[in-house]
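Read the figures in this text as sums done on the coordinates, not as results from a lab. Owing to the predicted nature of the structure, the values given are computational and were not obtained by experimental measurement. Positions of Cβ are generated from backbone atoms using ideal geometry, with glycine treated the same way; all protein chains shown enter the neighbour counts.
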Amino acid sequence: MKTSILKTVLSLVLVFTISSCSSDDDNTNDSNSNQDIVENTVESGTWRITKFIDSGDDETSDYNGYTFTFNSDNTLVAVNGTNTHNGTWSITDSNSGDDSLDDLHFNIFFASPADFEELTDDWDMLSRTDTKIELVDISDGNGGTDYLTFEKN
């Protein structure tokens with residue numbers, strides 16, 4: 001009888017121990033994180049700027065005819081047939097404990113020309129679909145708000 005009770009208690013302890021285990025929900029290498037999804041989205045295909053508002057001024061036409069390629073090595077290439085401008089891009093998470101879209105920063109850097117230097121910033125993510133990325137930047141210096149939208153070609 002003691003053996004039976006001991007087996008029952010051990011079985012209950014084992015069942016309790018196994019059932020209390022859970023998967024690691026804090027896995028930052030989750031292939032379905034918003035950062036991974038955005039990176040995979042922009043790395044597929046070419047993109048065009050369909051909106052660039054610089055402190056209230058619509059400067060979208062400065063980028064007409066350009067296609068943007070976001071390469072997996074974080075290089076960014078803008079080409080309009082005759083002109084090529086090279087830059088870099090990355091996505092960083094401002095809150096590593098939270099995987100929400102609004103914590104992501106879409107970083108773009110172009111050293112030249114002046115029109116492309118205006119794209120250089122750490123943009124905040126507004127929205128993302130498979131064919132559209134909407135970004136915003138609120139300037140700390142002059143208080144202006146800039147909007148940048150890329151759409152897939």
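Descriptive notes on the structure:
- Segment 109-136 - residue that is of a type in the set (D, E, K, R) and touching a Ser or Thr at 6+ places or on another chain (Cβ under 7 Å) and, of those, surrounded by the fewest Cβ atoms within 10 Å (Cβ to Cβ): 130
- Single residue of segment 38-52 satisfying the filter (among the β-branched types (Val, Ile, Thr) and surrounded by fewer than 17 Cβ atoms within 10 Å (Cβ to Cβ)) that is nearest to residue 79 (Cα to Cα): 46
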